[in-house]
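Colleague: Submitted below is the structure of interest, expressed as structure tokens.
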Amino acid sequence: MARSVLTLKYRPQRFDELLVQDHVRDTMKRAIEKSRLANAYLFCGPRGVGKTTTARILAKSLNCEKGPTTNPCNTCSFCTEITASRSLDVIEIDGASNNSVEDVRELRENAKYTPSSGRFKIYIIDEVHMLSPSAFNALLKTLEEPPAHVKFVFATTESHKVPATIVSRCQRFDFRRATPAEIRDRLAWLAKQEGIKVSDAALMAIARRADGAIRDGEGILDQLAAYRPDGIELEDVEELLGLVPTELFFDYADLILAGDGPGLMGFIARLFESGYDHIEFYSGVVQHFRDLLAVEVGGRNSGLSLLPEEVERMLRQAGAFGRGDLLRILHGITAYEAQAGSTQFPRVLLEVMSLELASGRSTLPKSAQVRDAQPDESGAPVAGDHPMTMATLWSELRLRTNAHRPMLAGFLELAAPQSLKDDVLSISLPTKHKAAAEKLEENQKQLAATLAEIAGRPIGLTVHLSRKPAPDATRERVNRIFGEVDERELH
Ligand SMILES: Nc1ncnc2c1ncn2[C@@H]1O[C@H](COP(=O)(O)OP(=O)(O)OP(=O)(O)O)[C@@H](O)[C@H]1O
Ligand SMILES: [Mg+2]
Ligand SMILES: [Zn+2]
């Protein structure tokens with residue numbers, strides 16, 4: 001990921017600005033206070049979590065005019081030079097491109113001389129695992145008899161490739177990945193500082209994509225801010241990153257839930273037409289069902305960072321499946337996922353998998369299904385012999401509407417299907433969404449036309465207002481698992 005403006009501008013300059021790595025920060029501060037510093041440190045951990053940042057803060061702590069101190073001033077010439085990477089006493093070396101024995105010999109020669117102006121000479125070697133075996137040997141000699149004015153900081157993303165002889169001569173710190181929630185909070189703060197408008201859902205999608213690396217999250221936010229200066233929405237993130245929209249995973253799971261074979265085939269056809277990466281889709285499906293299971297099993301302790309509105313939706317879908325079925329489905333998908341990367345026929349594989357998962361579903365008693373259509377209902381539009389035609393019709397209506405009238409689809413998202421009787425689909429919205437209900441009514445003709453297209457014959461549509469924002473059962477479950485939920489957060 002290219003260096004972003006945000007990353008440079010907001011690189012933490014003191015220990016107290018360093019997030020996530022509390023254990024590193026506290027140990028390091030204590031060592032500085034007690035003047036018990038090691039000669040060499042090994043910083044291990046994934047990309048973009050603060051290894052270089054910490055090395056520089058340490059260098060400042062040691063060489064600051066007011067130091068050694070746990071709180072470098074950031075204004076003296078030593079501090080400002082380090083911030084600007086201009087200090088002659090802080091030498092940053094890229095281990096990947098300076099990995100020969102000659103490079104290390106040169107370093108040893110250089111290390112003999114006292115610092116030009118600071119107290120210590122600090123060598124920061126990034127990606128130290130890239131050194132050649134003979135370079136490591138040369139380095140080892142220096143570590144065995146280090147000059148008193150020299151400190152080493154080695155950073156690596158692959159600690160297992162660093163020889164044990166080196167590791168044993170270093171104080172080791174393990175930097176950890178940031179959680180999506182930690183990255184989201186950091187990005188929300190950055191956005192506020194910079195006046196970047198970004199929705200919660202968009203922030204969360206960026207944070208998840210960053211996959212533990214704070215720097216990557218910042219880089220994505222930076223890119224999006226340039227791409228969408230007026231405000232960043234979830235769709236913008238999905239578009240820029242080529243993510244499969246979250247919405248689709250809910251729809252896919254609904255189709256599995258419905259045991260809706262024809263619906264699934266149509267869904268997969270459109271998925272491939274839209275050009276989404278099928279590997280990403282597979283891993284997204286695994287993730288979605290894994291999240292459903294986590295919510296079903298763990299509730300508050302599920303460890304998921306979900307937006308409040310997502311929680312309710314997840315709970316509803318998870319409850320509709322039930323724990324046993326989620327486990328069965330996850331087993332099924334992971335078995336297929338292994339093949340997804342190598343098959344020449346990804347579409348066929350996905351179709352087979354989906355139908356298999358769905359066929360397991362349709363043998364379940366209808367009473368176990370949540371959004372079920374009336375079992376005795378006469379006009380089953382898509383395929384007469386399977387249940388849940390209402391769910392199929394409904395998810396298809398949302399998908400198709402979203403393709404050409406995204407605003408209208410947004411209103412549909414506020415509604416829930418109530419019944420499908422005598423070829424009339426009845427949907428309802430909470431009373432507080434009266435305006436949305438009116439919009440839907442205004443567009444009734446077009447919506448009915450889309451329904452007819454899906455069903456292959458005329459289907460009517462009626463829009464109602466209902467007092468209940470969500471089924472009581474769901475609300476109760478939400479409250480039971482998450483404690484009393486603030487109504488405002490849910491909507
Ligand atoms: N722990 C953190 N707290 C706050 N910001 C962080 C943290 N980690 C990373 N960042 C942000 O990411 C940027 C890059 O971090 P840094 O270069 O220190 O990561 P790194 O661990 O050295 O990564 P790499 O292994 O790729 O070199 C920082 O400038 C900062 O904006
Ligand atoms: Mg680094
Ligand atoms: Zn200073």
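Colleague: On the given criteria, is THR69 assigned to a helix (DSSP H, G or I) and among the polar types (S, T, N, Q)? Full working, then the answer.
Modeller: Numbers: assigned to a helix (DSSP H, G or I): no; among the polar types (S, T, N, Q): yes.
Taking the combined requirement at face value, the residue does not satisfy it.
Colleague: Could you check the stretch 92-143 and list, in sequence order, the residues that are assigned to a strand (DSSP E or B) and surrounded by 16 or more Cβ atoms within 10 Å (Cβ to Cβ)?
Modeller: Residues satisfying the conditions are GLU92, ILE93, LYS121, ILE122, TYR123, ILE124, ILE125, ASP126.
Colleague: While we're here: Restricting to the stretch 1-47, name every residue that is surrounded by fewer than 17 Cβ atoms within 10 Å (Cβ to Cβ), within 15 Å of ligand 2 (Cβ to nearest atom) and among the hydrophobic types (A, V, I, L, M, F, W, C).
Modeller: MET1, ALA2, LEU8
Colleague: Say whether the condition of being in a loop (DSSP other than H, G, I, E, B) and within 11 Å of ligand 1 (Cβ to nearest atom) is met by at least one residue in the stretch 54-64.
Modeller: Looking for residues that are in a loop (DSSP other than H, G, I, E, B) and within 11 Å of ligand 1 (Cβ to nearest atom), one finds none in the stretch 54-64, hence no.
Colleague: Provide a single number: the residues in the stretch 180-201 that are modelled with pLDDT of 95 or more and either surrounded by 22 or more Cβ atoms within 10 Å (Cβ to Cβ) or of a type outside the set (D, E, K, R) (or both).
Modeller: Going through the stretch 180-201 one residue at a time, the tally reaches 12.
Colleague: Evaluate the stretch 59-68: report whether one residue or more is among the small types (Gly, Ala, Ser), under 32 Å from the mean Cα position of the chain (by Cα) and buried (at least 18 other Cβ atoms within 10 Å of the Cβ).
Modeller: Looking for residues that are among the small types (Gly, Ala, Ser), under 32 Å from the mean Cα position of the chain (by Cα) and buried (at least 18 other Cβ atoms within 10 Å of the Cβ), one finds none in the stretch 59-68, hence no.
Colleague: For ARG30, which of the numbered conditions (1) within 16 Å of ligand 3 (Cβ to nearest atom); (2) assigned to a helix (DSSP H, G or I) fails to hold?
Modeller: Only one criterion in (1) within 16 Å of ligand 3 (Cβ to nearest atom); (2) assigned to a helix (DSSP H, G or I) is unmet by ARG30, namely (1).
Colleague: It is to be established whether one or more residues within the stretch 21-43 are out of contact with any Phe, Trp or Tyr (no Cβ under 8 Å at 6 or more places or on another chain), in contact (Cβ under 8 Å) with a residue 12 or more places away in the chain and within 11 Å of ligand 1 (Cβ to nearest atom).
Modeller: no
The values are calculated or read from the model by the stated rules, or taken from the named source; none is laboratory data. Owing to the predicted nature of the structure, the values given are computational and were not obtained by experimental measurement. Because the Cβ atoms are built from the backbone with ideal geometry, glycine has one as well, and the counts that use them run over all protein chains shown.
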